[in-house]
Amino acid sequence: MDRLPGAVPADGVDAGVAAHYGDLFREQRALASGHGFVDLSHRGVVTVSGPERLSWLHLLLTQHVSELPAGRATEALILSPHGHIEHALYLVDDGATVWIHVEPGTTGELVAYLQKMKFFAQVEIADATADYAVVFAAGTSGPEVPEAAAVRQLPYGRDLLVARAALADAVVGLGPEAGLWAYEALRVEGHRPRLGFETDHRTIPHELGWLETAVHLQKGCYRGQETVARVHNLGRPPRRLVFLHLDGSEESLPAHGDPVRLAADGPEGRPVGFVTTAVRHHELGPIALALVKRNTAPDATLLAGRVAASQELIVEA
């Protein structure tokens, strides 16, 4: 739907959907008020069906899903043997099939891993990206979408998994279209991490606050569980996600990966972290998420790139 009138295409990993439709703040305000939709059809879709789908996934994921009720949305991670985040899965079971959506470009690797771990389990795994797309509908209520094969009901909206052939019909009645930039601004405001943005090759769940939403601390038997338990019980993670209020007098935003330094050390000081996502918010102005060293003082003024920033804690210091 990046071809709708007024659509300005996104680029990079988000290519294929609209970044905005010409009025970023109007689009944000509509979503924040519970109206409108966002085309997320660039995301990957994976299905897992079969009588053992939930018990089998339970052994692989950080989340407790063996008794997941039909229709209840959850999220989960797949970790490396050392506890580093490899995949973030957003899923719902419809009673016969688990529907999962994931970051663009990660589907092939995820499906290959799941197939490798199938063994004799009675499950069927499929990359459904070519046939199904994700649409986000703002608001906790709204019109029923008959075209949706599955719905993830969230506190702030609904993820609709829709046949691509019915995508145009599915969004009728959902309100005004909004681009990915508006969606990302509200994601940053909500402190919700995104794989590949707030993560790097050594990120563990504790650093991002994912313990609260994607990890069940009373279950084991998944790859990387030992690291999760050890860091939770014996220590604190080496880094933490913070929310930044950026200096609004600067014209440009810091880019993903720009170093974060202590303002007292100046722009050439030693980095204490990096910017993960920076956006312009319709009420808060320029804001960002950043991953910084745990020993960074919570009240320290920072430089995000070369932009002055104050911080709010997301993960306990």
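The values are calculated or read from the model by the stated rules, or taken from the named source; none is laboratory data. Fair warning: this is a prediction, and the values are worked out from it, not measured in the lab. Ideal geometry is used to build each Cβ from the backbone, glycine not excepted, and the neighbour counts take in all protein chains shown. In case anyone asks, the SASA skips ligands and DNA or RNA and just uses the protein heavy atoms, side chains included. Shrake-Rupley method; radii C 1.70, N 1.55, O 1.52, S 1.80 Å.
Here are some notes:
- P(r) tail fraction, the range 1-150 - alpha-carbon pairs more than 24 Å apart, %: 40
- Potential lengthening of the chain between Asp265 and Leu313 amounts to 15.2 nm, from the contour at 0.36 nm per residue minus the alpha-carbon distance.
- Gaussian network model of the chain, Cα within-10 Å springs - most flexible of Phe119, Phe197, Phe37: Phe119
- Looking at the range 192-286, the trypsin sites (Lys or Arg not before Pro) that sit in a DSSP loop and have at most 14 other Cβ atoms within 10 Å of their own Cβ are Arg202.
- Among Leu284, Leu40, Leu208, the largest mean-square fluctuation in a Gaussian network model of the chain, built with springs joining Cα atoms closer than 10 Å, belongs to Leu284.
- The chain, accessible area per residue, ligands and nucleic acids excluded (1.4 Å, Å²): 44
- Projected onto their three principal axes, the Cα atoms of the range 238-313 cover extents of 32, 23, 21 Å, largest first.
- Here's the picture: charge each Lys and Arg Cβ at +1 and each Asp and Glu Cβ at -1 in the chain, and of Leu217, Gly257, Gly108 the one pushed furthest to the positive end of that dipole is Leu217.
- Of Ala290, Ala168, Ala30, the one that fluctuates the most in a GNM where the chain has Cα springs shorter than 10 Å: Ala168
- Solvent-accessible area, 1.4 Å probe, carbon plus sulfur percent, for the range 238-313: 48
- Long-range Cα-Cα pairs in the range 68-177 (distance over 23 Å), rounded percent: 33
- Over all pairs of different C-alpha atoms, the chain has a mean inverse distance whose reciprocal, the Kirkwood radius, equals 20.4 Å.
- Calculated FRET value between Arg26 and Ala130, using beta carbons and R₀ = 45 Å, to 0.05: 0.85
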